[in-house]
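Contents: one structure, followed by commentary.
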Amino acid sequence: MAQSGGVDRTHGPSFGPKLTFTAVHGAIIALCVWLGFGGFDWADPVRAKVLAGCAVLYFLRNVATMAVLLKRRVQMSEVLGLAVFVAVFEVGFLLLGAGAISGTATPFGWGDWLGIGLVLVGSALNTGSEFQRWAWKARPTSQGRCYTGGLFAYSQHINYFGDALLFAGWATLAASIFAWAIPVFISATFVFYHIPALDAYLAGRYGDEFKSYAAKTAKFVPFLY
């Protein structure tokens with residue numbers, strides 16, 4: 001078993017755990033849609049609907065990831081932990097934005113449009129880069145090689161950067177300072193835990209090919225870091 005960043009990097013279908021996560025996540029999404037569009041007397045019903053829409057988009061991305069993109073093994077313990085985390089931020093963001101705690105509505109302004117933009121751009125960077133890598137890896141000539149093209153030419157972990165943007169936009173739409181704990185936590189986890197562990201794994205697997213790529217490519221934020 002090749003453990004890196006708290007996950008098993010060896011390839012395997014893991015049909016049961018992936019199906020379990022998709023089913024549980026689907027139930028969470030159903031709850032979000034019900035909360036957002038079920039006619040509740042929220043202080044900010046428009047924001048509740050927008051946040052429910054963000055959750056649906058995130059779910060569709062996860063379905064694509066589980067069904068097509070994710071080739072490594074997935075353990076049931078990872079599935080259960082991730083499902084709890086997803087429930088916390090998807091339902092939590094919606095309740096915060098709806099004014100369930102504050103009891104007040106936050107006027108929709110330019111910052112919210114920026115938040116929507118970050119959600120869309122972040123989603124495109126993450127899933128788009130993963131599909132680029134998936135298509136390249138499917139070629140016989142790509143077997144055993146490190147993918148360095150497409151969006152990954154601008155950042156070694158452009159998929160992680162995309163998620164960082166996504167959660168920053170999502171927290172903006174939640175209109176609560178408490179929501180920012182999630183993007184700060186996720187970004188810090190990427191930078192200080194997942195990226196170092198994954199870099200060590202990739203260096204061991206691809207050797208000089210990865211080291212040459214890493215020497216000339218930003219690690220996380222394109223053109224900056």
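Every read-out reported here was derived from the displayed coordinates using simple, explicitly stated rules and does not represent laboratory data. The model shown is predicted, which means the values in this text are computed figures rather than measured ones. Neighbour counts run over all protein chains shown; Cβ positions are idealised from the backbone, glycine included.
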Going by average Cβ neighbours within 10 Å, how do the peptides 171-184, 111-124 rank, with the highest at the top? 171-184, 111-124
Volume in Å³ per residue [convex hull over Cα atoms, computed for the chain]: 116
Given charges of +1 on the Cβ of Lys and Arg and -1 on the Cβ of Asp and Glu, with all other atoms neutral, how large is the dipole of the chain about its Cα centre, in debye to the nearest 20? 820
In the range 39-124, which trypsin sites (Lys or Arg not before Pro) are in a loop and have at most 16 other Cβ atoms within 10 Å, using DSSP for the loop call? LYS71
Can you give the FRET efficiency to the nearest 0.05 for THR10 and PHE178, using r as the Cβ-Cβ distance and R₀ = 30 Å? 0.20
Once you charge only the Cβ atoms, +1 for Lys and Arg and -1 for Asp and Glu, what is the size of the charge dipole of the range 109-225 about its Cα centre, to the nearest 20 debye? 400
Starting from the Cα of LYS71, draw a straight line to each of the lysines and keep only those under 22 Å, dropping any in the same chain fewer than 8 residues away. LYS18, LYS137
The chain, relative contact order [Cα under 8 Å, separation at least 6], %: 24
Run the dipole for the range 1-107 about the Cα centre, Lys and Arg Cβ at +1, Asp and Glu Cβ at -1, nothing else charged, and hand back the magnitude in debye, nearest 20. 440
Full extension from ILE101 to THR141: what is 0.36 nm times the residue separation minus their Cα-Cα distance, to one decimal in nm? 8.9 nm
Return the inverse of the average 1/r over all pairs of distinct C-alpha atoms in the range 167-225, which is the Kirkwood hydrodynamic radius, in Å to one decimal. 13.2
From phi via Karplus (6.51, -1.76, 1.60), per-residue ³J(HN,Hα) for the range 196-208 in Hz, x at Gly/Pro: x, 5, 5, 4, 5, 5, 5, 5, x, 7, 10, x, 4
Residue (of ILE158, ALA174, ALA138) at the positive-pole extreme of the range 109-225, dipole from beta-carbon charges: ALA138
Using Cα springs under 10 Å in a Gaussian network model of the chain, which residue among SER102, SER155, SER187 shows the largest mean-square fluctuation? SER102
Hydrodynamic radius by Kirkwood for the range 1-107, inverse mean 1/r across distinct Cα pairs, in Å, is 15.0
